[in-house]
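Worksheet: the structure to be examined is printed underneath.
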Amino acid sequence: MSWVELLGYAASATVLATFCMSTMIPLRIVALVSNVLFCSYGFFDHLYPVLILHAALFPVNLWRLVQFQRLVRDVRDAHSEELPIQALLPYMTTRDLAAGEAVIRKGEKADRLYYLVDGELEISEIGKTLQPGAMFGEIGVFARDQERTATIVCRTDCRVYELTENKAKQLFFQDKSFGFGIMQLIINRLLENNKRLLLGGAT
(Lines give C-alpha, C1' and ligand atoms only; values in the text may rest on other atoms or scores of the structure.)
Protein backbone atom coordinates (compact mmCIF):
# COMPACT_ATOMS: atom_id res chain seq x y z
CA MET A 1 0.00 0.00 0.00
CA SER A 2 1.43 3.35 -1.04
CA TRP A 3 1.57 6.43 1.15
CA VAL A 4 -0.95 8.11 -1.18
CA GLU A 5 -3.45 5.35 -0.47
CA LEU A 6 -2.78 5.72 3.25
CA LEU A 7 -3.51 9.43 2.83
CA GLY A 8 -6.85 8.54 1.24
CA TYR A 9 -7.74 6.15 4.07
CA ALA A 10 -6.79 8.78 6.66
CA ALA A 11 -9.00 11.34 4.91
CA SER A 12 -11.90 8.86 4.86
CA ALA A 13 -11.37 8.12 8.56
CA THR A 14 -11.74 11.81 9.41
CA VAL A 15 -15.06 11.92 7.54
CA LEU A 16 -16.24 8.93 9.59
CA ALA A 17 -15.10 10.73 12.75
CA THR A 18 -17.24 13.79 11.93
CA PHE A 19 -20.36 11.58 11.83
CA CYS A 20 -19.56 10.33 15.34
CA MET A 21 -19.28 13.80 16.88
CA SER A 22 -22.09 15.58 18.72
CA THR A 23 -20.49 19.00 19.32
CA MET A 24 -19.99 21.46 16.51
CA ILE A 25 -16.59 23.03 17.19
CA PRO A 26 -14.62 19.72 17.32
CA LEU A 27 -16.62 18.55 14.29
CA ARG A 28 -15.58 21.60 12.27
CA ILE A 29 -11.93 21.20 13.30
CA VAL A 30 -11.91 17.56 12.16
CA ALA A 31 -13.73 18.61 8.97
CA LEU A 32 -10.93 21.08 8.24
CA VAL A 33 -8.34 18.34 8.76
CA SER A 34 -10.39 16.14 6.43
CA ASN A 35 -10.44 18.87 3.78
CA VAL A 36 -6.64 19.20 3.93
CA LEU A 37 -6.14 15.44 3.71
CA PHE A 38 -8.56 15.06 0.81
CA CYS A 39 -6.96 18.00 -1.02
CA SER A 40 -3.56 16.35 -0.62
CA TYR A 41 -4.93 12.97 -1.68
CA GLY A 42 -6.66 14.47 -4.71
CA PHE A 43 -3.53 16.35 -5.73
CA PHE A 44 -1.07 13.45 -5.44
CA ASP A 45 -3.43 10.87 -6.95
CA HIS A 46 -4.62 13.28 -9.67
CA LEU A 47 -8.24 13.15 -8.46
CA TYR A 48 -8.97 16.75 -9.32
CA PRO A 49 -12.75 16.70 -8.64
CA VAL A 50 -11.93 15.60 -5.06
CA LEU A 51 -9.27 18.30 -4.81
CA ILE A 52 -11.64 21.02 -6.07
CA LEU A 53 -14.51 19.91 -3.82
CA HIS A 54 -12.47 19.96 -0.61
CA ALA A 55 -10.63 23.11 -1.57
CA ALA A 56 -14.08 24.74 -1.80
CA LEU A 57 -15.28 23.17 1.47
CA PHE A 58 -12.24 24.31 3.47
CA PRO A 59 -13.21 28.03 3.69
CA VAL A 60 -16.82 27.05 4.39
CA ASN A 61 -15.80 24.90 7.35
CA LEU A 62 -13.32 27.53 8.52
CA TRP A 63 -16.01 30.24 8.45
CA ARG A 64 -18.46 28.01 10.34
CA LEU A 65 -15.80 27.29 12.95
CA VAL A 66 -15.19 31.01 13.46
CA GLN A 67 -18.95 31.60 13.73
CA PHE A 68 -19.39 28.92 16.40
CA GLN A 69 -16.40 30.15 18.39
CA ARG A 70 -17.79 33.70 18.25
CA LEU A 71 -21.22 32.43 19.33
CA VAL A 72 -19.75 30.57 22.31
CA ARG A 73 -17.78 33.68 23.32
CA ASP A 74 -20.85 35.93 22.98
CA VAL A 75 -23.01 33.55 25.01
CA ARG A 76 -20.34 33.37 27.72
CA ASP A 77 -20.12 37.17 27.82
CA ALA A 78 -23.90 37.50 27.88
CA HIS A 79 -24.12 35.01 30.75
CA SER A 80 -21.93 37.24 32.91
CA GLU A 81 -23.74 40.47 32.11
CA GLU A 82 -26.51 42.12 34.10
CA LEU A 83 -29.87 42.82 32.54
CA PRO A 84 -29.17 45.75 30.13
CA ILE A 85 -31.72 48.22 31.55
CA GLN A 86 -30.14 51.30 29.98
CA ALA A 87 -30.29 49.69 26.55
CA LEU A 88 -33.97 48.84 27.11
CA LEU A 89 -35.10 52.35 28.02
CA PRO A 90 -35.84 53.43 24.41
CA TYR A 91 -38.33 50.54 24.20
CA MET A 92 -40.01 51.26 27.54
CA THR A 93 -42.64 53.77 28.64
CA THR A 94 -42.83 55.58 31.98
CA ARG A 95 -45.78 55.20 34.34
CA ASP A 96 -46.38 57.02 37.64
CA LEU A 97 -48.48 55.36 40.34
CA ALA A 98 -49.90 56.58 43.65
CA ALA A 99 -49.44 54.84 47.00
CA GLY A 100 -52.00 52.06 47.39
CA GLU A 101 -52.48 51.59 43.66
CA ALA A 102 -52.11 48.08 42.23
CA VAL A 103 -49.57 47.70 39.44
CA ILE A 104 -50.45 44.05 38.86
CA ARG A 105 -53.51 42.08 39.97
CA LYS A 106 -53.57 38.32 40.40
CA GLY A 107 -55.42 36.53 37.60
CA GLU A 108 -55.24 39.32 35.02
CA LYS A 109 -53.52 38.90 31.65
CA ALA A 110 -49.75 39.48 31.73
CA ASP A 111 -49.19 41.82 28.80
CA ARG A 112 -46.06 43.66 30.01
CA LEU A 113 -43.16 43.54 32.43
CA TYR A 114 -41.93 46.34 34.69
CA TYR A 115 -38.81 47.95 36.08
CA LEU A 116 -39.12 49.93 39.33
CA VAL A 117 -37.35 53.30 39.18
CA ASP A 118 -38.58 55.06 42.34
CA GLY A 119 -40.64 54.06 45.37
CA GLU A 120 -41.48 50.77 47.05
CA LEU A 121 -43.81 47.97 45.98
CA GLU A 122 -45.22 45.04 47.91
CA ILE A 123 -46.19 41.57 46.69
CA SER A 124 -49.45 41.20 48.60
CA GLU A 125 -49.56 37.39 48.83
CA ILE A 126 -46.17 37.05 50.53
CA GLY A 127 -45.53 40.52 51.93
CA LYS A 128 -42.25 40.92 50.06
CA THR A 129 -41.05 44.46 49.36
CA LEU A 130 -39.53 45.45 46.02
CA GLN A 131 -36.99 48.25 45.95
CA PRO A 132 -35.84 50.51 43.07
CA GLY A 133 -33.92 48.49 40.50
CA ALA A 134 -36.26 45.51 40.69
CA MET A 135 -37.71 44.01 37.53
CA PHE A 136 -41.03 42.20 37.94
CA GLY A 137 -43.92 40.76 35.96
CA GLU A 138 -41.60 38.79 33.66
CA ILE A 139 -42.86 35.30 34.56
CA GLY A 140 -46.41 36.02 33.43
CA VAL A 141 -45.25 37.52 30.14
CA PHE A 142 -43.31 34.38 29.21
CA ALA A 143 -45.72 31.85 30.78
CA ARG A 144 -47.91 29.75 28.52
CA ASP A 145 -51.21 31.00 29.97
CA GLN A 146 -49.89 34.55 30.53
CA GLU A 147 -51.80 34.90 33.79
CA ARG A 148 -50.58 36.95 36.75
CA THR A 149 -49.87 34.81 39.82
CA ALA A 150 -49.71 37.62 42.40
CA THR A 151 -50.90 41.14 43.16
CA ILE A 152 -48.29 43.91 43.48
CA VAL A 153 -49.30 47.17 45.21
CA CYS A 154 -47.47 50.48 45.65
CA ARG A 155 -46.41 51.06 49.26
CA THR A 156 -45.37 54.59 48.29
CA ASP A 157 -45.74 56.77 45.21
CA CYS A 158 -43.85 54.92 42.50
CA ARG A 159 -42.45 55.35 39.03
CA VAL A 160 -42.01 52.32 36.81
CA TYR A 161 -40.86 51.60 33.28
CA GLU A 162 -43.09 49.29 31.25
CA LEU A 163 -42.04 46.95 28.44
CA THR A 164 -44.86 45.43 26.42
CA GLU A 165 -45.11 41.68 25.84
CA ASN A 166 -44.50 42.06 22.10
CA LYS A 167 -41.33 44.13 22.55
CA ALA A 168 -40.10 41.88 25.37
CA LYS A 169 -40.37 38.78 23.19
CA GLN A 170 -38.69 40.51 20.25
CA LEU A 171 -35.80 41.57 22.48
CA PHE A 172 -35.58 38.08 23.97
CA PHE A 173 -34.61 36.71 20.54
CA GLN A 174 -32.66 39.71 19.28
CA ASP A 175 -30.58 40.69 22.34
CA LYS A 176 -28.59 37.88 23.97
CA SER A 177 -27.92 39.92 27.13
CA PHE A 178 -31.62 40.52 27.62
CA GLY A 179 -32.48 36.90 26.87
CA PHE A 180 -29.98 35.51 29.39
CA GLY A 181 -30.90 38.16 31.96
CA ILE A 182 -34.58 37.28 31.71
CA MET A 183 -33.87 33.54 31.91
CA GLN A 184 -31.74 33.99 35.02
CA LEU A 185 -34.35 36.27 36.58
CA ILE A 186 -37.18 33.80 35.96
CA ILE A 187 -35.14 30.81 37.19
CA ASN A 188 -34.08 32.65 40.35
CA ARG A 189 -37.68 33.72 40.97
CA LEU A 190 -38.98 30.16 40.54
CA LEU A 191 -36.27 28.78 42.84
CA GLU A 192 -37.12 31.42 45.43
CA ASN A 193 -40.84 30.57 45.21
CA ASN A 194 -40.10 26.85 45.47
CA LYS A 195 -37.91 27.43 48.53
CA ARG A 196 -40.69 29.48 50.14
CA LEU A 197 -43.22 26.72 49.51
CA LEU A 198 -40.92 24.08 50.98
CA LEU A 199 -40.28 26.18 54.08
CA GLY A 200 -43.99 26.88 54.39
CA GLY A 201 -44.80 23.18 54.15
CA ALA A 202 -42.25 22.37 56.85
CA THR A 203 -43.79 24.68 59.44
Pseudo-spin-label distance T129 to Q170, built 7 Å along Cα→Cβ, given in nm, is 3.8 nm
The size of the Cβ-based charge dipole (Lys, Arg +1; Asp, Glu -1) of the chain about the Cα centre, to the nearest 20 debye, is 260 debye
Computed over the chain, protein heavy atoms only, probe 1.4 angstrom, the accessible area per residue in square angstrom equals 61 Å²
Dividing the helical contributions, -39500 (n - 2.57) per DSSP H run of n ≥ 4, by the residues of the chain yields a 222 nm value, nearest 500 deg cm²/dmol, of -19500 deg cm²/dmol
Options (1) 37, 18, 16; (2) 29, 20, 15; (3) 57, 18, 12 are given for semi-axes √(5λ) of the Cα gyration tensor in Å, and the computed one is (3)
For L47, L190, L88, L37, the accessible-area ranking with a 1.4 Å probe, largest leading, is L190, L47, L37, L88
Heavy-atom accessible area of the stretch 1-53 with neighbours in place, 1.4 angstrom probe: carbon+sulfur share in percent works out to 76 percent
Plugging the Cβ-Cβ distance of L6 and A87 into 1/(1 + (r/R0)^6) at R0 = 45 Å yields, to the nearest 0.05, a FRET efficiency of 0.20
With A102 itself left out, Lys, Arg at +1 and Asp, Glu at -1 over residues whose Cβ is under 13 Å from its Cβ give +1
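The values are calculated or read from the model by the stated rules, or taken from the named source; none is laboratory data. What you are looking at is a predicted structure, and each value in this text was computed from that prediction instead of being measured. Quick reminder, even Gly has a Cβ in these numbers, built from the backbone with ideal geometry, and neighbours come from all protein chains shown. Surface areas here come from the heavy atoms of the whole protein model, side chains and all, with no ligands, DNA or RNA. Shrake-Rupley method; radii C 1.70, N 1.55, O 1.52, S 1.80 Å.
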